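For reference, the structure is listed below as structure tokens.
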Amino acid sequence: MLIDLAKKNPLFSGKKPTETTESGIPWKVLVVDDEPDVHTVTKLALSRFKLDGRALTFINAYSAEQAKELLNQERDIAIAFIDVVMESDHAGLELVKWIREELQNKTTRLILRTGQPGQAPEEDVIVNYDINDYKAKAELDSRKLMTSVYSALRSYRDIMEIEQARRTQINHRKGLERVLEATSGLFELRTLHKFADGLLTQVATLLNLDSETLLLTCNAIDAISGHLDPVNIEILAGTGQFSNKNHITQLPEHIDRLLRNALTQKRCLYEDNCFVGYFPTKSGLINLLYMDGIDKIDDLDKKLIDIFAINVGVAFENLLLSQEVENTQSELILRLGDVVESRSKEAANHVKRMAEYCSQLALLAGLPEYEADLLRRASPMHDIGKIAIPDAVLLKPGKLDDEEWQVMRQHPTIGHQILANSERPILKAASIIALQHHEKYDGSGYPANLKQDEIHIFARIVAIADVFDALSHARCYKTAWPLEEVLAEMRKGAAKHFDPDLLQLFIDNVDIFVKVKDNWKDN
């Protein structure tokens, strides 16, 4: 009779409760029992059950082994009713142990049911097995079954809410770690265009997206009205169709509109499946980041973007300030180097060529870009000590006598003394170069007779660049030499005057240095 009644229940029409009247995701209930009637009665008794507006959906297993297969597939089962005696006398107990220990499922509420209470005494089962309730089938009427399910589901719901809060906290922490990791790398990029390329890479990494991006900069005055004039904006970097930024003559209309909206509202925007980052700087520049395809990111990612944007704004500001300081230092160094060289009647663009020779050779030697750039900025000061050498010695057209030569040999020490007390990286590097650029690889140089690796690699590079330029150009005491004669003379100095490895690297790539020489011809 009970079975016939159950079959007439709407639950057996082939549809789950949620497919008829319920809008919420149903609670999953696993029934593990080798008696089909038990499955039928359980479904009938709980057919009208709801908690938090959610009904139940039932999953059926007729043995412990079948239950294991289902539990491996369904990880969000709220309650499992488990019979003790199935394919063996303790199949249900063994299943409970497997769920908790091997499957490591601590959230599903386990209600053990038995038709033979003496087979598994309640006290022993409760103490030795991690279950949440234990019922004899004879006492589990409809009312008690409803009570057990309410209690178990509320417990499961609370556990899942706590677990969700824990996962959210972990995701927020990991997200913040991703932001810090992303922006920390940006602070190491010291030029604006490298920073721009790095920024786009880090945004893609942060959000795990493969989208088209564009980074632009414009003057705040030009952007007051939200107007973007192509003449007044600069595209710093791009990906996808924007990767070749030099060929972009006009921005697509929808991108131009989004950028103008961000400028007008002075904030980051999420609009039309796109993100526009708004990064103003105190120096008057506004940097804009465009990125499409953001429909895949969630609210947490948007919060991470906001935090990232703040850090990027700080990074931009620091980079621009740092560049301004370094550019000022470099210009002063270059002008002071020009003064020294013009006083000694050196070639007009000697220090400019030297800077480029040194930078290129440093990169070929495997030095980091930052060090190569530092050497480029510092090398013009290599002869700064000559500023203290008397004209009678410095400008003498003929060969110096011994006394005059001793005076001339003082200029490395004088140059070092001028620069040595500075804590600025450029000036510290310049002080080393000034002191050591006349040392020789075999130890026969001056002022300290340093040899091989005792000589800083900056000074070893400058020595090669200085001699190459001196021989390649006319001086007050000589005419310019042809390239073949210059290289032949320099080869004679391998392992004597010059670091042999650096010299060979220079000669193997001499076309690079000839191009620099041709680009900075003397007036």
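Observations on the structure shown:
- First in the range 392-410 and on the phi < 0 side of the Ramachandran plot, second anywhere and assigned to a loop (DSSP other than H, G, I, E, B) and of a type in the set (S, T, N, Q), Cβ under 6 Å, 6 or more apart: L394/S344
- Counted residues, the range 355-368 - those being under 18 Å from V516 (Cα atoms) and open to solvent by 20 Å² or more (accessible area, probe 1.4 Å): 5
- Qualifying residue in the range 457-470 (condition: in contact with a Lys or Arg (Cβ under 6 Å, 6 or more places away or on another chain) and either farther than 24 Å from N349 by Cβ or part of a loop (DSSP other than H, G, I, E, B) (or both)): no
- Some residue of the range 478-494 being within 19 Å of R376 (Cβ to Cβ) and open to solvent by less than 30 Å² (accessible area, probe 1.4 Å): no
- Residues in the range 406-421 that are open to solvent by 20 Å² or more (accessible area, probe 1.4 Å) and either hydrophobic (A, V, I, L, M, F, W, C) or more than 43 Å from the chain's Cα centre (by Cα) (or both): Q406, V407, M408, R409, Q410, T413, I414, I418, A420.
- Taking the criterion of being under 21 Å from R75 (Cα atoms) and either open to solvent by 40 Å² or more (accessible area, probe 1.4 Å) or modelled with pLDDT of 90 or more (or both), the only residue of the range 1-18 that qualifies is K16.
- Picking from residues in the range 254-276 that are of a type in the set (S, T, N, Q) and in contact with an Asp or Glu (Cβ under 9 Å, 6 or more places away or on another chain), the one that is surrounded by the fewest Cβ atoms within 10 Å (Cβ to Cβ) is N273.
- Just one of the listed residues (V29, V96, V125) is at pLDDT 90 or above, out of contact with any Asp or Glu (no Cβ under 9 Å at 6 or more places or on another chain) and under 19 Å from A152 (Cβ atoms), namely V29.
- Flag: G398 matches the condition of being surrounded by fewer than 17 Cβ atoms within 10 Å (Cβ to Cβ) and either in contact with a strand residue (DSSP E or B) (Cβ under 6 Å, 6 or more places away or on another chain) or of a type outside the set (K, R) (or both).
- Residues in the range 421-450 that are without any contact (Cβ under 8 Å) to a residue 12 or more places away in the chain and touching a helix residue (DSSP H, G or I) at 6+ places or on another chain (Cβ under 7 Å): S422 alone.
- Filtering the range 433-456 to residues that are open to solvent by less than 60 Å² (accessible area, probe 1.4 Å) and within 14 Å of L375 (Cα to Cα) leaves I433, A434, Q436, H437.
- Of the residues screened, A378 is one that is of a type in the set (G, A, S), more than 26 Å from K492 (Cα to Cα) and either in a helix (DSSP H, G or I) or touching a helix residue (DSSP H, G or I) at 6+ places or on another chain (Cβ under 9 Å) (or both).
- Against the numbered list (1) more than 26 Å from S359 (Cβ to Cβ); (2) assigned to a loop (DSSP other than H, G, I, E, B), E423 comes up short only at (1).
- Filter result (of a type in the set (K, R) and surrounded by fewer than 23 Cβ atoms within 10 Å (Cβ to Cβ)) within the range 457-477: R475
- Among the residues making up the range 282-306, a single one is modelled with pLDDT under 70, open to solvent by 20 Å² or more (accessible area, probe 1.4 Å) and in contact with a strand residue (DSSP E or B) (Cβ under 9 Å, 6 or more places away or on another chain): K302.
- Residues of the range 495-507 classified as open to solvent by 20 Å² or more (accessible area, probe 1.4 Å) and either of a type in the set (D, E, K, R) or not in a helix (DSSP H, G or I) (or both), total: 4
- In this structure, E65 does satisfy being open to solvent by 10 Å² or more (accessible area, probe 1.4 Å) and modelled with pLDDT of 90 or more.
- Beta carbons closer than 6 Å, at least 6 apart along the sequence or on distinct chains, pair a first residue in the range 132-158 that is farther than 14 Å from L112 by Cα and open to solvent by 40 Å² or more (accessible area, probe 1.4 Å) with a second that is modelled with pLDDT of 90 or more and of a type outside the set (A, V, I, L, M) for S155/R109.
The values are calculated or read from the model by the stated rules, or taken from the named source; none is laboratory data. All values reported here derive from a predicted model rather than from experimental measurement. Heads up, the Cβs are rebuilt from the backbone with ideal geometry, glycines too, and the neighbour counts pull from every protein chain shown. Just the protein is used for accessible areas: all its heavy atoms, side chains included, with ligands, DNA and RNA removed. Shrake-Rupley method; radii C 1.70, N 1.55, O 1.52, S 1.80 Å.
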